[in-house]
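Each remark here refers to the structure printed beneath this line.
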Amino acid sequence: MKRIKKPKTHKNKQQMNANITNLTATLQNTTLAQTANQTITQLAAANLTAILVALILIIIAILIIIKLKKYIVNTILGIAALLILNFLGFTIPLDLINIIITAVLGLLGVGLLILLKILGVIL
């Protein structure tokens with residue numbers, strides 16, 4: 001009697017299932033990789049935009065400080081002079097109006113307040 005060969009369907013099915021599983025995993029990994037790449041690209045673009053906006057704001061702030069440097073120094077010197085004059089006994093009231101005049105005009109404002117005090121004008 002001749003021996004009849006059994007078909008190898010069992011091994012072929014297992015191999016086919018393994019191939020399908022590998023293909024599915026590869027497709028999922030590819031899709032995940034594409035999604036990850038898209039997300040990273042979007043985050044990089046957002047970070048780049050945020051960095052550019054921050055740099056522009058820093059440059060604007062520096063320019064404003066440079067332009068207002070004389071004003072800021074004059075204001076600080078005026079308020080310091082007003083406090084020193086009050087400490088030394090030349091009393092100029094530290095009310096809101098006098099502080100605003102000193103803050104806006106600086107040392108010129110202190111000189112104006114001294115002149116007004118000497119002339120007897122009450123603020």
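Coordinate-derived values only; no laboratory data. Nothing here was measured: the structure is a model prediction, and the numbers come from that model. Glycine gets a Cβ as well: all are built from the backbone with ideal geometry, and neighbour counts include every protein chain shown.
Annotations for the structure displayed:
- Computing FRET efficiency as 1/(1 + (r/R0)^6) for residue 76 and residue 41, where r is the C-beta to C-beta distance and R0 is 41 Å, gives about 0.25.
- Normalised contact order of region 35-106, rounded percent, pairs of Cα under 8 Å and 6 or more residues apart: 33
- Computed from phi, the 3J(HN,Hα) profile of region 63-72 under the Karplus parametrisation 6.51, -1.76, 1.60 (θ = phi - 60°) reads 5, 5, 5, 5, 5, 9, 4, 4, 5, 5 Hz, with x in place of Gly and Pro.
- Nearest-0.05 FRET efficiency for residue 60 and residue 104, computed from C-beta distance (R0 30 Å): 0.80
- Percentage relative contact order, region 68-123, counting C-alpha pairs under 8 Å, at least six apart: 41
- If you take all other residues with their beta carbon under 15 Å from the beta carbon of residue 75, and give Lys and Arg +1 and Asp and Glu -1, the sum is +3.
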